[in-house]
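Below is one structure, written out as structure tokens, with a few remarks after it.
The values are calculated or read from the model by the stated rules, or taken from the named source; none is laboratory data. In this text the structure is predicted, and so the values were computed from the model without any measurement. For neighbour counting, all protein chains shown are included, and Cβ atoms are generated from backbone atoms with ideal geometry for every residue, glycine included.
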Amino acid sequence: MRNNSFDLIRHVAALLVLVSHHFALTGSEGPGIAGYNSLGGIAVIAFFSISGLLITLSFLNANSFTDYLSKRIARIFPALIVCAFMMTFVAGAVFAEGYVTDSAALIDFLRISLFGRANIEEITEAFIFSESFNGSLWTLKIEFAFYLLVAVALGLFRRAATAAALLVTFCIATYVLGNAPVTALTQKLALYGCAGIAFFAGSLVAFYRQHLGARHRLVITLATCLGLIPLAAGTSLSGVVVTLCICLATLSLGLLYVDHTIRGRFDLSYGIYLYAFPVQQLVINKTSLAFVPSMIVSTLIVIVLAAASWIWIERPALQWVHRRSKARINQVMTPS
């Protein structure tokens, strides 16, 4: 599925997350949809909707569960492990005296590498936002869990109804949680529910990809979703309806416009997502730069790190697993 602009949208979404976090990390209130979510939260929904579509297609086209899972592991873990090393043993050595010589650094490195919290207090204790050194990483464990859920569910029942059932389940759960008494737990679970809605709406769309070429349908879907968002925001249905609208608007826009610049050539979005938060934390709290200059400097540093991650870690890992997959196929097809 190449005639789209999903790569471009992911890069834009990653940068929108950076912009949104810059407000939060400087103690300011950022832009967003009133009564629904921040700009960064909206970008995350866009990420999950594209991921749901593409990951489901990846599973449907995979040669085996091993083939599918090995590609997902190669996409997530090598870059995450290197990012965890950079946060603990590099940033820790520079910004937290005595930290890397203590067992805490190794424990933090292993925890972060396995989707644990990145709350390195030795670095962030005096920061404006001191709760985490990399607050973006919470989405990765949710996304990987959805990878597994897709494989298990579609492995048992390989049909659109399976994705639809999962979507309905997350819609109901999100509605219930969003209208329950407000606690830290219900807010967190409702956030996970919104991610599930986006992911499995994208997954459901994957089964109807042969019908996605009609531009008039995409235009109508995009216009309808954009019109519904302000009507549903702030209501008891906002968690479900606005999330579905953002998801379908993202997918419609991605299929309406074909990007010829980024498409298939590179993908810095994951690297931007991994490195933006800790770089912003350090630039904001360790320099005297004002809001806009600190955001510009952070963005430039993050793009360099993301490019390095893509060139030296992510792309080689993906190429290696694809070669292994082809080798297994050739071995099976070669007569003994």
Exercise. Within the stretch 176-209, track down each residue that is of a type in the set (D, E, K, R) and without any contact (Cβ under 8 Å) to a residue 12 or more places away in the chain.
Key: Lys188
Exercise. Go through the residues of the stretch 222-234 one by one and say whether even a single one is surrounded by fewer than 21 Cβ atoms within 10 Å (Cβ to Cβ) and either in contact with a Lys or Arg (Cβ under 8 Å, 6 or more places away or on another chain) or on the phi > 0 side of the Ramachandran plot (or both).
Key: yes
Quiz item: Considering Ile272, Ile246, Ile262, Ile329, which residue is touching a residue at least 12 places away in the same chain (Cβ under 8 Å), more than 30 Å from Glu122 (Cα to Cα) and touching a His at 6+ places or on another chain (Cβ under 9 Å)?
Solution: Ile262
Quiz item: Does the stretch 322-330 contain at least one residue that is surrounded by fewer than 19 Cβ atoms within 10 Å (Cβ to Cβ), out of contact with any Gly (no Cβ under 6 Å at 6 or more places or on another chain) and of a type in the set (Val, Ile, Thr)?
Solution: yes
Quiz item: Would you call Ser238 crowded, with 21+ Cβ neighbours inside 10 Å, within 18 Å of the chain's Cα centre (by Cα) and of a type in the set (Ser, Thr, Tyr)?
Solution: no
Quiz item: Of the numbered conditions (1) part of a loop (DSSP other than H, G, I, E, B); (2) without any contact (Cβ under 8 Å) to a residue 12 or more places away in the chain; (3) hydrophobic (A, V, I, L, M, F, W, C), Leu300 satisfies every one except a single condition; which is it?
Solution: (1)
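Which ranges mark the helices (runs of 4 or more DSSP H) fully within the stretch 68-145 that have 3 or more residues being on the phi > 0 side of the Ramachandran plot?
Of the helices (runs of 4 or more DSSP H) lying wholly inside the stretch 68-145, none has at least 3 residues that are on the phi > 0 side of the Ramachandran plot.
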Quiz item: Among the residues of the stretch 1-40, which ones are in a loop (DSSP other than H, G, I, E, B) and either free of Cβ contacts under 8 Å to residues at least 12 places away in the same chain or under 27 Å from Glu125 (Cα atoms) (or both)?
Solution: Thr26, Gly27, Ser28, Glu29, Gly30, Pro31
Practice problem: Inspect all residues belonging to the stretch 297-316 and state whether any of them is over 28 Å from Phe77 (Cβ atoms) and small (Gly, Ala, Ser). | Solution: no
Quiz item: With respect to Ser20, is the statement that it is closer than 19 Å to Ser238 by Cα, touching a Gly at 6+ places or on another chain (Cβ under 6 Å) and either at pLDDT 95 or above or crowded, with 23+ Cβ neighbours inside 10 Å (or both) true?
Solution: no
Practice problem: Could you tell me whether the stretch 59-77 includes any residue that is within 27 Å of Gln187 (Cβ to Cβ) and not polar (S, T, N, Q)? | Solution: yes
Exercise. Under 7 Å between Cβ atoms, at least 6 apart or on separate chains: pull out the pairs that start in the stretch 153-165 with a residue that is in contact (Cβ under 8 Å) with a residue 24 or more places away in the chain and end on any residue that is surrounded by 15 or more Cβ atoms within 10 Å (Cβ to Cβ) and assigned to a loop (DSSP other than H, G, I, E, B).
Key: Ala160/Phe207; Ala163/Phe207
Quiz prompt | Matching entry among Ile272, Ile313 (being in a helix (DSSP H, G or I), touching a Pro at 6+ places or on another chain (Cβ under 8 Å) and within 26 Å of Glu143 (Cα to Cα)) | solution = Ile313
Practice problem: Tell me, yes or no, whether the stretch 48-63 has at least one residue that is of a type in the set (Gly, Ala, Ser), surrounded by fewer than 22 Cβ atoms within 10 Å (Cβ to Cβ), farther than 22 Å from Leu268 by Cβ and without any contact (Cβ under 8 Å) to a residue 24 or more places away in the chain. | Solution: yes
Quiz item: Quick one: Leu244 ticks every box in (1) in a loop (DSSP other than H, G, I, E, B); (2) at pLDDT 95 or above; (3) aliphatic (A, V, I, L, M) bar one, so which box is it?
Solution: (1)
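Test of understanding: among Ala276, Ala249, which residue is of a type outside the set (Phe, Trp, Tyr), over 25 Å from Arg217 (Cα atoms) and surrounded by 16 or more Cβ atoms within 10 Å (Cβ to Cβ)?
Result: Ala276 is the single residue among Ala276, Ala249 that is of a type outside the set (Phe, Trp, Tyr), over 25 Å from Arg217 (Cα atoms) and surrounded by 16 or more Cβ atoms within 10 Å (Cβ to Cβ).
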Quiz item: Across the stretch 199-219, what is the number of residues that are surrounded by fewer than 21 Cβ atoms within 10 Å (Cβ to Cβ), of a type outside the set (A, V, I, L, M, F, W, C) and at pLDDT 80 or above?
Solution: 4
Exercise. Considering (1) closer than 22 Å to Ile272 by Cα; (2) in contact with a Gly (Cβ under 7 Å, 6 or more places away or on another chain), say which one Val100 fails and leave the rest.
Key: (1)
Practice problem: Of the numbered conditions (1) in a helix (DSSP H, G or I); (2) modelled with pLDDT of 95 or more, Leu289 fails exactly one; give the number of that condition. | Solution: (1)
